[in-house]
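Report on one structure; see the data block that follows.
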Amino acid sequence: FESVLKACCGVGEPYNFNLILMCSAATNVCKDPSTYANWDGIHLTEKAYEWMAHGFLNGLFTY
């Protein structure tokens, strides 16, 4: 991931997150969400969920 803590969709530094101005038409969206783990400061991106599912299903997070 290009950025784990910074949100792909949002506004405000340093994490591109503002509780009042959440992800909306008035905020910026990154060009490639697959390079971010965090979508809007609360939810993860599809790529982050894909990575977690792969870990659960293929043993990365299992014994």
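The values are calculated or read from the model by the stated rules, or taken from the named source; none is laboratory data. Here the structure is a predicted model, which means the values were calculated and not measured. Backbone-built Cβ (ideal geometry, glycine too); neighbour counts: all protein chains shown.
Inside the stretch 22-47, can you point out the residues that are among the small types (Gly, Ala, Ser) and either exposed (fewer than 12 other Cβ atoms within 10 Å of the Cβ) or out of contact with any helix residue (DSSP H, G or I) (no Cβ under 9 Å at 6 or more places or on another chain) (or both)? Please lay out each step first, then the result.
As a first pass, look at the stretch 22-47 and keep what is among the small types (Gly, Ala, Ser): 24-26, 34, 37, 41.
Across the stretch 22-47, the qualifying residues are Ser24, Ala25, Ala26, Gly41.
Can you name the residue in the stretch 14-59 that is assigned to a helix (DSSP H, G or I) and under 11 Å from the mean Cα position of the chain (by Cα) and, of all such residues, is nearest to Glu2 (Cα to Cα)? Walk me through how you get there before you give the answer.
At the first step, the residues of the stretch 14-59 found to be assigned to a helix (DSSP H, G or I) are 33-35, 46-58.
From the residues that got through so far, the ones that are under 11 Å from the mean Cα position of the chain (by Cα) too are 33-35, 46-49.
Values: Pro33: 10, Ser34: 9, Thr35: 5, Glu46: 14, Lys47: 12, Ala48: 12, Tyr49: 16 Å.
My answer is Thr35.
Can you find a residue that is surrounded by 12 or more Cβ atoms within 10 Å (Cβ to Cβ), in a loop (DSSP other than H, G, I, E, B), at pLDDT 90 or above and not aromatic (Phe, Trp, Tyr) anywhere in the stretch 1-10?
There is at least one residue in the stretch 1-10 that is surrounded by 12 or more Cβ atoms within 10 Å (Cβ to Cβ), in a loop (DSSP other than H, G, I, E, B), at pLDDT 90 or above and not aromatic (Phe, Trp, Tyr).
What is the number of the single condition among (1) among the hydrophobic types (A, V, I, L, M, F, W, C); (2) surrounded by 12 or more Cβ atoms within 10 Å (Cβ to Cβ); (3) without any contact (Cβ under 8 Å) to a residue 40 or more places away in the chain that Leu19 does not meet?
Of (1) among the hydrophobic types (A, V, I, L, M, F, W, C); (2) surrounded by 12 or more Cβ atoms within 10 Å (Cβ to Cβ); (3) without any contact (Cβ under 8 Å) to a residue 40 or more places away in the chain, only one is false for Leu19: (2).
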